[in-house]
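The values are calculated or read from the model by the stated rules, or taken from the named source; none is laboratory data. Bear in mind the structure is a predicted one, so any value in this text is a computation, not a measurement. Virtual Cβ from ideal backbone geometry, glycine too; neighbours counted across all protein chains shown. Protein only, heavy atoms only, side chains kept; ligands, DNA and RNA dropped before computing areas. Shrake-Rupley method; radii C 1.70, N 1.55, O 1.52, S 1.80 Å.
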Amino acid sequence: MRELLLLASTALAVAACTSGQTSPASNVTATSATLNASGSCDAPSGQTCAGYFKYGTSASSLGQQTPTQQVASGSFTASADLTGLQPSTTYYFVGCIAASYSQPSNQQCGGSGGVNSAPSQFTTAAAPPPPSPPPPPPPPSGNWPASYFAGPLGKNEVLPATQGHTLLSMWSGVEGYSAPQQRTFMAQRITDMGRVPDLIAMSGCDGSCAPGTANLDVSSSDLSENWIRSKGAIPLVANYDPGSSTDFAGIAAGHYDSNIDAAASRFKAFGHRMMLRMLEEWDGKGSWSTTDFINAWRHIVARFQQDGATNVGFIWCPDEQAGGVRPQINASYPGDQYVDWVSSDVYNNDSSGAYSTPTHSGWAEFSELFNYQVSGMPSIEQQFGPSKPFFVGETGSKYDTPGVPSGHTADPNRKKNWFVNIESSAAQMPYLIGINFFDEDVTPTESGNNWRVDSPCDRAGNNCTNGATDAATYSGFQSMARSSQFSGGVAGGTG
């Protein structure tokens, strides 16, 4: 409540031994002031005087007192600093002095008129206005649909600075690397490209997202979202669920609220825009209830909003597919109010027995993965894009595989050109706002799956380990990343 810097007393007189008076308070602010007094003290031989101030918000009840201190015999000036005062409040005070420090109760008090005079007074200043909130990011240029701004981020939606451009996002590293190693890997990518991605992904942030659990977290004081922003990018939480797996009914019933609130608290503290790809690829994890999924999604978003994490945007991300459970995927959309970006995932697996694109087996270009019409079923970008921005949640390509299809001779430039061709393909997708490239070597747990953007790993498992790289492939990715299509930047930057 108060902090005494130099104490003393005033106003007064004990018999004829002391005299003094208060002086006007000084250094008065909204929450602090300095009380002042002066006078003379003639203490008995070998003793010193005792001085202090009494103060309060009522002239008739000065219920607070500064600590007692010794006042040297003779003329004196004294002051006491008060802190923790209330703004716009009148305070009353008197100075008190006793001729004997050993008997401070034998004292006289008074205001500016001396002993027994009315208390002096001062009024603290009004509280300063709260700091203005940072200005919202400037709106992206272009004719974006109003529904793009209807989600949790509202007018702060993350979009390309110029409509028609594409945001570059990267999820890079090697499975099993420590956080410092992952950061070094990403920093090298930035150096090689000569640019920073618009978004950088952090993964493994499930449950409570406790500090130190995300793959780029070094410690609770060195979190991945702060590191990503320090590089000039927006953080993307690449996969998040509150620890429920597919217990959507449990989420909606509040069984995981402590984890949800902890994650929301962490990201609220970050204080800048970030994107959360939540419950990603749920459609590939077994059967689910459409109603339970929608209720779970809305519950999590509502908890984040109630907890004040209004800087977090939410990405709805199923697997890209035209058949199978696609009708149930469509029916599981939570609604524009609860979604910022619509997304999907699919890779060019280059398999004669797998349909990466619904149009054919084998090698698939980016446009065939995400921009198609099959038997009246449009791609997710075409279906949801008119009402929500479309973002590719994960993608990548295998190296061209010999013998796929039978008799095929591998083209060493095919993966390079897969990246290069994305520049023109992206320009032909009107609702596409960004692509997240899965630039990870996950062979320690998924044999034959090295999706790094410089990897020559093919469908047959050739050249997937031991850090194998292909310079031509990497040059194709870098060319795409530096192209004008991917160089428009983010509206509002990293704010």
Query raised in the report: Applying the Karplus parametrisation 6.51 cos²θ - 1.76 cosθ + 1.60 with θ = phi - 60° to the phi angles of region 54-61, what ³J(HN,Hα) value in whole Hz is obtained for each residue in order, glycine and proline being reported as x?
Result: 10, 8, x, 9, 10, 5, 9, 8
Query raised in the report: Got a number for carbon plus sulfur as a percent of region 364-495's accessible area, 1.4 Å probe?
Result: 45 percent
Query raised in the report: Taking amide H positions as placed 1.01 Å from N in the peptide plane, with prolines and chain starts having none, which residues 5 or more places from ILE234, or on another chain, fall under 5 Å of its amide H?
Result: LEU199, ILE200
Report task. Kindly give Rg over Rh for the chain, based on alpha-carbon atoms, with the Kirkwood expression for the hydrodynamic radius. Result -> 1.27
Query raised in the report: Taking the simple approach of a point 7 Å from Cα along Cα-to-Cβ for both GLN163 and THR90, what is their distance in nm?
Result: 6.1 nm
Requested in this report: Would you mind classifying region 312-471 by shape? Square roots of the alpha carbon gyration tensor eigenvalues, ordered a ≥ b ≥ c; an a/c under 1.5 is rounded, otherwise it is prolate if a/b is larger than b/c and oblate if not.
Outcome: prolate
Query raised in the report: Counting each DSSP H run of 4 or more residues in the chain as -39500 (n - 2.57), what helix-only mean residue ellipticity at 222 nm follows after dividing by all residues, to the nearest 500 deg cm²/dmol?
Result: -6000 deg cm²/dmol
**Report entry** Length gained when the stretch GLN181-ALA472 is fully extended (0.36 nm per residue, less Cα-Cα span)
**Finding:** 102.3 nm
Query - Separation of the TYR355 and GLN47 label points, Cα + 7 Å toward Cβ, nm - result: 10.4 nm
Requested in this report: Could you state the angle between the C-alpha long axis of helix 290-306 and the longest principal axis of the C-alpha atoms of the chain, as a value from 0 to 90 degrees rounded to the nearest 10?
Outcome: 30 degrees
Query raised in the report: Residue by residue, what Karplus-based ³J(HN,Hα) values in Hz, rounded to whole numbers, does region 84-94 have, using 6.51, -1.76 and 1.60 with θ = phi - 60° and x for Gly and Pro?
Result: x, 6, 8, x, 6, 10, 8, 10, 10, 8, 9
Report summary line: Mean Cβ-within-10 Å packing, highest first, puts peptides 365-372, 480-487, 466-473 in the order 365-372, 480-487, 466-473
Requested in this report: Indicate the gyration tensor shape class of region 159-208 (rounded, prolate or oblate), computed on the Cα atoms with a ≥ b ≥ c the square roots of the eigenvalues: a/c under 1.5 is rounded; otherwise a/b larger than b/c is prolate and the rest oblate.
Outcome: oblate
Query raised in the report: If the cut-off is 19 Å between C-alpha atoms, which aspartates and glutamates fall inside it for LYS416, apart from same-chain ones fewer than 8 positions away?
Result: ASP192, ASP350, GLU365, GLU368, GLU394, ASP400, ASP439, GLU440, ASP441, ASP454, ASP458, ASP470
Requested in this report: Return the sequence-ordered ³J(HN,Hα) values of region 391-406 in whole Hz as given by the Karplus equation 6.51 cos²θ - 1.76 cosθ + 1.60 applied to θ = phi - 60°, using x for Gly and Pro.
Outcome: 10, 6, x, 8, 6, x, 9, 6, 6, 4, 9, x, x, 10, x, 3
